[in-house]
Amino acid sequence: MSMCAYATTVAFSGLEARRVDVQVQIAGGQAGIIIVGLGDKAIAESRERVRAAFASLGLAIPAGRVIVNLAPADLPKEGTHYDLPIALAMMAAIGALPRDAMDNVVAFGELGLDGSLAPAPGALPAAMAALGMGSAFLCPEPCGAEAAWAGGEVIAAPSLIALVNHFRGGSALKAPERGDLISGEAVPDLRDVKGQEQAKRALEIAAAGGHNLLFVGPPGSGKSMLAQRLPGILPPLSSEELLEVSMIHSVAGLLERGRLTRTRPYRAPHHSASMAAIVGGGLRAKPGEISLAHHGVLFLDELPEFTPQALNSLRQPLETGEVMIARANHHVTYPARIQLVAAMNPCRCGGGPGAGKCRRGPRCAAEYQARLSGPLLDRIDIQLDVPPVTAADLALPSPVEGTAEAANRVLHARGVQGERGLGINAALDLDSLEKVAAPDAPGAALLSKAAETLSLSARAYHRTLKVARSIADLDGAEAVKRIHIAEALSLKRQWAGAEHQDGLARVS
Ligand SMILES: [Zn+2]
């Protein structure tokens, strides 16, 4: 006679947690555990962890063939969180747990060899999926504070034996409390930056309209110091954004003790980081830096030093707000709506005009800058030269205004854009741009003259308009005026290479 039992868990497809039924059948025949249903290597190794955990409880693995089926079979499954549902279903099959214990329960967690439960990434979306199925969520104790954010019933256990006692009615486990929600995290202040008035202003404009930004300047001009201060002047995450950001960080295993924060993410991968680290993927599908920066800031220092593949992989997310990762036999999509801040030296050797360190002349700068493709630069609305910090700058008293003041102005400008209902200025399409950013007569005259003398491409022209709209929003002005156009034009750099003459290459 064969014995059957089951448990329920989830499989991740991007941030989506889909129901997976774990069916266990113990049949006659040669002893052994067989797991079927498109599982990865971690799931195959689950056998050994379950075996050891059973031994730690003094339970014998059933004699005979144990078949574990993960259904639906066509859904790819990755990760270590299948240990717990497999173990529970096996325990139910041999009568170590009541048969109905797994009714209306989603089980999730990795097993230690000693029968302890170890955290696995993705507890938040998994707990939300459990709630959606009308089930309680069963997870390792360290995941409890994170899972509790989903709002459903959560049972968090330190070990398999604690769970057994819970289900046998011996000692009930207490429901875990939600982790902390941080709303005013300490971030570096703009007041720390002396001098660099135009760069600070550019940062505020970028924050106001959600524009991507590139700083070009010699080492020591404070480019990364400026970039680090952008999250502080951006408005806090809305509740909806907070949920999305937290789900991504959960799937990446980065939500420590279920702690959520309203401060926008700031990620700064090094240029030597692998493609998988930047865009996502790897051994187990995991969100990359570009998704960890979702609704926040991705800072890429020394932009031309990133591999051409990495730079190329930014184009799709910058366009669509999503990144698609190829797996063995399927694709995974993660959100990646980022604000890009990039920085670079004017040339490879770090000198460049003004710094007096480059010994190779203008060709050095031209070659270095040519590593950036036109289509990438096309998505960066503000491109600015940042001069070196001088001794005189450092002797200045601390600025009167800092992050708090800038954040207030940005919040106001975002409010104006919210009322228009067309999204942030950086994302305006051509129709909307014509509607809301058409400059007044003197502004239009200045722009068309600049377009002619600087031979602006259509794209550069539209980028200038978007930035001018943000400047006008910061100014509280309904119409885009000449002064706003003039400032937007001052935030456009002249590129050294012929292929970058108007700020974008003619490559497509
Ligand atoms: Zn050089």
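The values are calculated or read from the model by the stated rules, or taken from the named source; none is laboratory data. Treat the numbers as computed from the prediction; the structure is a model and nothing was measured. Every residue, glycine among them, receives a Cβ derived from its backbone with ideal geometry; neighbour counts consider all protein chains shown. What goes into the accessible areas is simple: the full protein's heavy atoms, side chains included, and nothing from ligands, DNA or RNA. Shrake-Rupley method; radii C 1.70, N 1.55, O 1.52, S 1.80 Å.
Please give the helix 239-251 orientation as an angle from the longest Cα principal axis of the chain, in degrees from 0 to 90, rounded to the nearest 10. The two axes meet at around 60 degrees. When a 1.4 Å probe is rolled over the protein heavy atoms, the share of accessible surface on the chain that falls to carbon and sulfur comes to 53 percent.
Taking only the alpha-carbon positions of the range 63-177 and ignoring solvent, what does the Debye formula give for the base-10 log of I(q)/I(0) at q = 0.15, 0.17, 0.19 Å⁻¹? The computed values of log10 I(q)/I(0) come out as -0.62, -0.81, -1.02.
Enclosing the Cα atoms of the range 374-440 in their convex hull gives a volume equal to 168 cubic angstrom per residue. Taking the range 446-483 and a reference point 7 angstrom along Cα→Cβ of Asp440, the backbone N atoms nearer than 17 Å belong to 446-448, 468-483. Taking the DSSP beta bridges with both ends in the chain, the antiparallel portion is around 45 percent. Does the range 332-448 come out rounded, prolate or oblate by the C-alpha gyration tensor, with a ≥ b ≥ c the root eigenvalues, rounded set by a/c under 1.5 and, if not, prolate when a/b is larger than b/c and oblate if not? The shape class here is prolate.
Pairs of Cα atoms in the chain fall into 10 Å distance bins, from 0 up to the last occupied one, in shares of 4, 17, 23, 20, 14, 11, 7, 3, 0 percent. You can think of it this way: the chain between Ser432 and Arg259 has 58.4 nm of extra reach, that is 0.36 nm per residue less the Cα-Cα gap.
Taking the longest Cα principal axis of the chain as reference, the axis of helix 441-453 is set at about 90 degrees.
In the chain, a dipole from Cβ-located charges (positive for Lys and Arg, negative for Asp and Glu) runs towards its positive end, and of Val66, Ala107, Thr333 it is Thr333 whose Cα lies farthest in that direction.
What is the packing order of peptides 73-82, 460-469, taking the mean over residues of other C-beta atoms within 10 Å and listing the highest first? Each step should come with its number before you reach the end.
On the way: 73-82: 20.2, 460-469: 24.2.
For the peptides 73-82, 460-469, the packing ranking is 460-469, 73-82.
Using every pair of separate Cα atoms, the Kirkwood estimate puts the hydrodynamic radius of the range 1-100 at 13.5 angstrom. By the Kirkwood approach, averaging reciprocal distances over each pair of separate Cα atoms, the range 120-275 gets a hydrodynamic radius of 18.3 Å.
Residues whose amide H falls under 5 Å from that of Thr261, counting only those 5 or more places apart or on a different chain, are Ile182, with hydrogens built in the peptide plane. Packing-based ranking of 334-342, 168-176, 242-250, 392-400 yields 334-342, 242-250, 168-176, 392-400, ordered from highest to lowest mean Cβ neighbour count within 10 Å. Among the cysteines of the chain, those with no neighbouring cysteine Cβ under 4.7 Å are Cys4, Cys349, Cys358. Between the beta carbons of Thr453 and His330, assuming R0 = 60 Å, the FRET efficiency works out to 0.70 to the nearest 0.05. The residue list Ile290, Ala252, Gln228 was ranked by how far each Cα lies along the charge dipole of the range 177-334 toward its positive end, using unit charges on Cβ atoms, and Ala252 comes out on top.
In a solvent-free Debye calculation with one equal scatterer on each Cα, what is log10 I(q)/I(0) for the range 283-379 at q = 0.16, 0.17, 0.23 Å⁻¹, listed in the order of the q values? Reported log10 I(q)/I(0), two decimals: -0.73, -0.79, -1.15. Each label was represented as a point 7 Å from its Cα along the Cα-to-Cβ direction; for Asn312 and Arg191 these points are 4.8 nm apart. In the range 264-294, which residues have a backbone nitrogen under 15 Å from the label point lying 7 Å from Ile182's Cα in the Cα-to-Cβ direction? Once the point is set 7 Å along Cα→Cβ of Ile182, 264-267 turn out to lie under 15 Å by backbone N, inside the range 264-294. Overall shape: oblate for the range 363-508, with the ratio a/c of the largest to smallest alpha carbon gyration tensor axis at 1.5 or above and b/c at least equal to a/b. Helices in the chain, meaning DSSP H runs of at least 4 residues, each add -39500 (n - 2.57). Divided by all residues, the mean residue ellipticity at 222 nm is -10500 deg cm²/dmol. Placing unit charges on each Cβ (+1 for Lys and Arg, -1 for Asp and Glu) gives the range 96-174 a dipole about its Cα centre, and among Ala156, Ala118, Met128 the Cα reaching farthest toward its positive end belongs to Ala156. Measuring between their Cα centroids, the range 151-174 and the range 35-104 lie 18 Å from each other. Rg and Dmax, both from the Cα atoms of the range 19-72 and both in Å, are 11.4, 32.
Can you bin the range 425-487 into rounded, prolate or oblate? Criterion: square roots of the alpha carbon gyration tensor eigenvalues sorted a ≥ b ≥ c, rounded for a/c under 1.5, prolate for a/b above b/c, oblate for the rest. Note, shape of the range 425-487 comes out oblate.
Helix 41-56 and the longest principal axis of the C-alpha atoms of the chain enclose an angle of approximately 40°.
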